[in-house]
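Written below as structure tokens is the structure these notes are about.
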Amino acid sequence: MKTSFLVICTFFSFFQRFGLSIITSSSNVTCIKSERQSLLVFKNALTRTNNRLSTWTGIECCEWHGVECDRNGHVVKLDLRTRGSLETIKFKWLTGEFSPSLQNLKHLRYLDVSMNGFTSNIPKFLGSFERLEYLNLSGSSLGGVVPHHLGNLSRLQYLDLTIQILPLEHAFDKEPILDDMRWVSSLTSLRHLDLTGMNIGEHVDWFNPVNMLSSLLTLNLGASNINIPSIKYVNFTSLNTLGLSSNSINSNVPMWLSNLTALTHLDLSFTDLRGQIPDYIGTFNALSFLDLSVNHFENSIPDVLCNLSNLVHLDLSVNKLSGPIPSMLGLILKLEDLSLQFNKLSGNISTSLGQLSNLKQLDLSGNSFAGVLSEAHFAKVKKLNYLDLSRTSLVLNITSQWTDPFQLQTFYASSCNVVQRFPYWLQTQTKLQRLDISNSSIIDTIPDWFENISSNILELDLSKNQIGGKMPRFHVDSSKHINGRILNMNSNKFEGSLATFPSNVRWLDFSNNLLSGHVPPTNKTMNPILEYVVLSENRFSGNIPIHFFKVPSIRVLDLSYNLFSGHLPQMDGTMNSSLNYVILSRNDLAGSLVRLCNVSTIRVLDLSHNKFVGRIPRCLGNLINLEIIDLTNNTITGVVPSPLGHLYRLTTLHLHNNTLEGDIPSSLQNLTRLVTMDLGNNLFTGTIPLWIGEKLSKLSFLNLQSNKLTGNIPVQLCQLNALQYLSLANNNITGKIPPCFGNLSGMITHQDDSGYDVYNYEENILAFVKGKQLLYTTTIMFLTISLDLSSNNIVGEIPDALMNLVGLMSLNLSRNLLKGYIPMNIGDLTQLESLDLSMNKLSGRIPQSLTSLTFLSFLNLSFNNLSGAIPVGNQLQTLDDASVYEGNDGLCGPPVSKSCKGNETTYNDVDGDDGRDETKGFWFYAGMGPGFVVAFMGFLGSLHFIKRWRVAYFKMVDNVYTWLSVSMLLNLALQRRNVFK
């Protein structure tokens, strides 16, 4: 009886809040015939009702589902809202036409058709319901322009036009449009207005019409693309709920917000607000919900927020707040949800938080807190069920004797310090469903009691610790694991074999451990939901487990870095139909690749670093979903089959280090999505295809090194504006370096977008950087922007245009026939870390600008014809190995043994003042001119006045002339004799 009374009171209070009339229904009321017929016309216009209108039969329409009438039999309420979660709602909703027959319901006061799949526009006749008080069209799929006729609804108190993102089977392509909002000002009785998700836009004036609604209590304009005015005062001061989330306000908190002292609910999340959190928010005494998350608020958390004694929900996450958490926050005793994650908060955590006896959720993750969390921090938090301390560097020091006052459902402490031992206080957490203590410096084994709580855990992450011993058994409670568990135990020291394969698992990662032996089979009846299996980097052996290929739901299979041997399992009709990722690299597998041709769903195929033999089967071209092929480091022979050109989705092609031969097939020009093409270390012949530059515009990594390619470098490669790594090294390429290489914009500005987004695939890029050949896999992000043309027969000079590639980090032009000077402005390549110009025919001086390369850590200029003093200064001083300059006999100065002393000029004489006074140098050269003139005139005067000197001088000149003439005639005669021999 007491419960019934409370329900009735709640019902009446809801309607009184919005001033809605009380609607009653009686079994004695007879439905109006014309209105019953209107309802049946509405029903018949629907294409699907999901049996929800099965009661719409007979003459008493007032007893139909969702229909209520007044005492006179008029329909006054129609509630056809589809209720349920977004996952299940599509199985219940109404679909089809929204019939205009409803306009005959002249007495309608309440209309809710939300969460359905109608295929009409919002009907204009809704504006004719003069008695309507409640209108909810949210998520109804009704589109078109919102009719201005709604402004006629002078009694309307509740209006909801929210756009809901529903899993529609048929996407209605006409979202509601608000082209004008002046009609809203006519709704003088309105208490609740929700336009969340409506694209109001900056051109529509929403504020002035809404500002005329002085009785408004609720205003929600989230994700509406609106502008916020900067005025000081507003009329809707009775407002108790304001939601403006997901709008790009991009300013300080508007001043007019300070007028809304009656607010109980304020949501300004995702609005790009900046500056400080205003103090006046602390005067909103009735406030129970405050969300300022995902903004740019700075400075500390204002102490005035601690005055909000009615606050239940406080979310300040993802801002730039700094300093400690105010200790007075522990005085907000009604607080249930506190989220401060991902700020710049620091300092110790006050034990006052332990006084929040109503606290249910606490998230402190992603901050720079210091110190220790002890039992005192959780003294009275008996209702706590969610605790996130991850990425805070906090030390969790709770003794094993502690009796925790709460029962957690979620505990995240990733990247915390849990004092090396497995947290023993967890053994009392029997309701725990999500546990993440990854990367938490645990050096221990799994305690025996862990099996008692593990049966409840849906998500478990113990990765990146040093947990040893045997892998725990995972008991099954099928009633709690309908959607499957997540088990992430990677990067530990678990050893031994797996006795059984865990069941009821959706995601399993046991990689990077010391597990060995054979992989136990899966049970198809117990693992119908298995999607993700990663057992890489262990010591598993034997044949590839064929049962994984038969699990119908599995999408990711990664068995790389193990000791598997033998051939691939035979793929046939029993294989699963959802396998997307097959990673079997770095094993001891052999045999042919033909067996893969029937797995048409594969997106990533990585068989690199094995012993596969034979040819690439032509049937791989039928796997049209392939995005990545990696066959690096096998013994595959023959030509690249042309059907590979049918793989239009391919982004990565690795055929490195095999014995493939022939020309690069022209069919590969169809792979226009390629980001990586690695054909290095094979036996390819012919010239570099022009279509690589003309067709493969997304290429970022191009490796053709160590083949038998000939001809010139095609200028078409200059069209590859995304190129960041190019290696043509160790071929038989001739001709000159195209000057247009200076236009390769990918080597000017670094581009972070790799062009693909797939499962954790490890690239295989073998690059010659800093004098060493390095393999980049997980370290691909550190692969430098590189140009390698070494070990060819390239001639000509180094183009000055290459100095435009200011993003270049590695340049290797060694072992060619280049001549001329090193470009004087090579110092423009400010990011250069590795420079190799050795074994060419370069001459002249080493440019002084080389000293400005502050990142340079590898330099090789050996075996050229360079001369002059070696520049001195900055980073070049650290490269003091004489072998850098070996084979350049004309070089002098440190670090080579040849001294520059005695040379008429040194490099500094030409390019620098060497600290000397410039005016002294000026007068020195100014005095040399007149001195030379005086001396020369004296010499001529002596010849004129002294005859003996004059005769001797001209006799000497005559003898020199005779000697030169005879020498030239003799040399000419000798050359003619050699010719006629």
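The values are calculated or read from the model by the stated rules, or taken from the named source; none is laboratory data. Source: prediction; values computed, not measured. Quick reminder, even Gly has a Cβ in these numbers, built from the backbone with ideal geometry, and neighbours come from all protein chains shown.
Scan region 271-291 for residues that are closer than 17 Å to Ser258 by Cα and either hydroxyl-bearing (Ser, Thr, Tyr) or part of a loop (DSSP other than H, G, I, E, B) (or both) and jot them down.
Leu273, Gln276, Ile277, Pro278, Tyr280, Thr283, Phe284, Asn285, Ala286, Leu287, Ser288
Considering only residues of region 31-54 that are loosely packed, with under 13 Cβ neighbours inside 10 Å and in a loop (DSSP other than H, G, I, E, B), which is modelled with the lowest pLDDT?
Once the filter is applied, the top-ranked residue is Asn51.
Yes/no per residue for (1) of a type in the set (S, T, N, Q); (2) in a strand (DSSP E or B):
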residue	(1), (2)
Pro521	no, no
Leu530	no, no
Phe540	no, yes
Ser560	yes, no
Ser565	yes, yes
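Looking only at residues in region 356-368 that are over 20 Å from Phe289 (Cα atoms) and crowded, with 17+ Cβ neighbours inside 10 Å, which one is nearest to the chain's Cα centre (by Cα)?
Step by step, filter region 356-368, then rank; the result is Gly366.
Yes or no: Gly84 closer than 18 Å to Pro176 by Cα and surrounded by fewer than 20 Cβ atoms within 10 Å (Cβ to Cβ)?
no
Quick check: anything in region 414-423 surrounded by fewer than 18 Cβ atoms within 10 Å (Cβ to Cβ) and on the phi > 0 side of the Ramachandran plot?
There is at least one residue in region 414-423 that is surrounded by fewer than 18 Cβ atoms within 10 Å (Cβ to Cβ) and on the phi > 0 side of the Ramachandran plot.
Name the strands (runs of 3 or more DSSP E) wholly inside region 292-404 in which the number of residues that are under 19 Å from Gln276 (Cβ atoms) and in contact with a strand residue (DSSP E or B) (Cβ under 8 Å, 6 or more places away or on another chain) is 3 or more.
The qualifying strands (runs of 3 or more DSSP E) are 344-347.
Quick one: which strands (runs of 3 or more DSSP E) sit completely within region 614-706 and have at least 1 residues that are out of contact with any Phe, Trp or Tyr (no Cβ under 9 Å at 6 or more places or on another chain)?
In region 614-706, the matching strands (runs of 3 or more DSSP E) lie at 628-630, 635-638, 652-654, 659-662.
Please find, among Glu833, Glu763, the residue that is of a type in the set (Asp, Glu) and either at pLDDT 70 or above or not assigned by TED's automatic domain parsing to the domain that holds Thr685 (or both).
Glu833
Here is a list: Gly139, Gly151, Gly144, Gly117. Which entry is free of Cβ contacts under 8 Å to residues at least 40 places away in the same chain, in contact with a Ser or Thr (Cβ under 9 Å, 6 or more places away or on another chain) and buried (at least 22 other Cβ atoms within 10 Å of the Cβ)?
Of Gly139, Gly151, Gly144, Gly117, the one residue that is free of Cβ contacts under 8 Å to residues at least 40 places away in the same chain, in contact with a Ser or Thr (Cβ under 9 Å, 6 or more places away or on another chain) and buried (at least 22 other Cβ atoms within 10 Å of the Cβ) is Gly139.
Kindly establish whether Lys77 is of a type in the set (Lys, Arg), out of contact with any His (no Cβ under 6 Å at 6 or more places or on another chain), more than 16 Å from Ser140 (Cα to Cα) and outside any loop (DSSP other than H, G, I, E, B).
yes
Select from region 101-131 the residues that are aromatic (Phe, Trp, Tyr) and either in a helix (DSSP H, G or I) or farther than 21 Å from Gly73 by Cα (or both) and write down the one among them that is modelled with the lowest pLDDT.
Among residues in region 101-131 that are aromatic (Phe, Trp, Tyr) and either in a helix (DSSP H, G or I) or farther than 21 Å from Gly73 by Cα (or both), the one modelled with the lowest pLDDT is Phe118.
Please go through region 653-668 and give me each residue that is closer than 13 Å to Gln705 by Cα and touching a helix residue (DSSP H, G or I) at 6+ places or on another chain (Cβ under 7 Å), ordered by number.
none
Among the numbered criteria (1) part of a loop (DSSP other than H, G, I, E, B); (2) at pLDDT 90 or above, which one does Thr574 miss?
(2)
Taking Ile249 and the conditions (1) at pLDDT below 95; (2) surrounded by fewer than 15 Cβ atoms within 10 Å (Cβ to Cβ), which numbered condition does it fall short on, given that it satisfies the others?
Status for Ile249: all satisfied but (2).
Leu408 versus (1) in a loop (DSSP other than H, G, I, E, B); (2) touching a strand residue (DSSP E or B) at 6+ places or on another chain (Cβ under 7 Å); (3) under 20 Å from Leu331 (Cα atoms): which is the lone unmet condition?
Leu408 satisfies every listed condition except (3).
Would you pick out the residues in region 601-613 that are outside any loop (DSSP other than H, G, I, E, B) and in contact (Cβ under 8 Å) with a residue 40 or more places away in the chain?
Val604, Asp606
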